[in-house]
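One structure below.
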Amino acid sequence: MLWVKSLHIVFIASWFAGLFYLPRIFVNLAMVPEGSNAERERLLLMSRKLLRFTTVLAVPALIFGLWLFLGYGIGKGAGWMHAKLAVVALAIGYHHACNRLLTKFSANRNTRSHRWYRWFNEVPVLLLLAATVLVVVKPF
Ligand code: HEM
């Protein structure tokens, strides 16, 4: 079980590293001056590669979590686990939102400011904090 939990934590950390960095690139993309196509294409290429990599890392992160929950029965019927699964759903939603925003940037249809993306970039910090406190402290 401890091997599964170790792999869960490693892939969670890797998944969230991508969720922390991708919106940072969006901040830069939202600040690219009109006509700077080379810079825009470079940032778009970085975003696409990072999103693909982050998606690949999310899958084992969730599989090992489900293995702990469904396989070993850890947290079954517990309030903290239900709350944690709600946080997980928000994290998957955030990942999906990054995919949608990148599609808009690629089509040059972004309407949001770099300031908006700076706030957007803080969301995964709160999600990681909430999930970690729920699973370690188990407050309810
Ligand atoms: C389908 C999604 C997930 C499931 C079913 C799941 C389930 C679990 C379970 C059952 C444990 C073991 C808890 C224990 O031994 O007390 C665990 C540990 C952990 N999970 Fe998840 N998890 C999921 C996603 C996540 C996410 C998205 C994060 C972070 C954002 C996360 C962070 C952690 C951490 C930090 C631990 C280690 C806690 C410890 O060592 O006490 N998990 N997870």
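The values are calculated or read from the model by the stated rules, or taken from the named source; none is laboratory data. Quick caveat, the model's predicted, so the values are computed rather than measured. All Cβ positions, glycine included, derive from the backbone under ideal geometry; neighbour counts span all protein chains shown. Ligands, DNA and RNA are excluded from the accessible area calculation, which covers all protein heavy atoms including side chains. Shrake-Rupley method; radii C 1.70, N 1.55, O 1.52, S 1.80 Å.
Brief remarks follow.
- Modelled FRET efficiency - R0 30 Å, Ala89 with Arg109, Cβ distances, 0.05 increments: 0.65
- Kyte-Doolittle mean at least -1.0 and Cα axial length at least 27 Å: DSSP H helices in the chain: 2-31, 37-66, 79-106
- Each of Asn99 and Trp3 was given a label point 7 Å from its Cα along the Cα-to-Cβ line. The distance between the two points is 3.1 nm.
- Taking the chain and dividing mean pair separation by its residue count, relative contact order in percent (alpha carbons under 8 Å, at least six apart): 40 percent
- A cut-off under 13 angstrom between Cβ atoms defines the neighbours of Phe69, and their net charge, with Lys, Arg +1 and Asp, Glu -1, is +3.
- Linear extension gain, Trp116 paired with Ala38, 0.36 nm per residue minus alpha-carbon span: 25.7 nm
- Calculated on the Cα set of the stretch 2-137, radius of gyration then Dmax: 16.8, 55 Å.
- Under 13 Å from a label point set 7 Å out along the Cα-to-Cβ vector of Val125, the amide N atoms of the stretch 19-35 belong to 20-21, 24.
- Projected label points at Phe20 and Ile63, each 7 Å from Cα along the beta carbon direction, are separated by 2.5 nanometres.
- Surface/4 of the Cα convex hull for the stretch 68-140, nm²: 5.9 nm²
- Contour minus Cα-Cα distance for Met46 and Val136 (0.36 nm per residue): 29.0 nm
- Rolling a 1.4 Å probe over the protein heavy atoms of the stretch 2-137, with every protein chain left in place, gives an accessible area that is 69 percent carbon and sulfur.
- Among Ala97, Ala86, Ala38, the residue with the largest mean-square fluctuation in a Gaussian network model of the chain, with springs joining Cα atoms closer than 10 Å, is Ala38.
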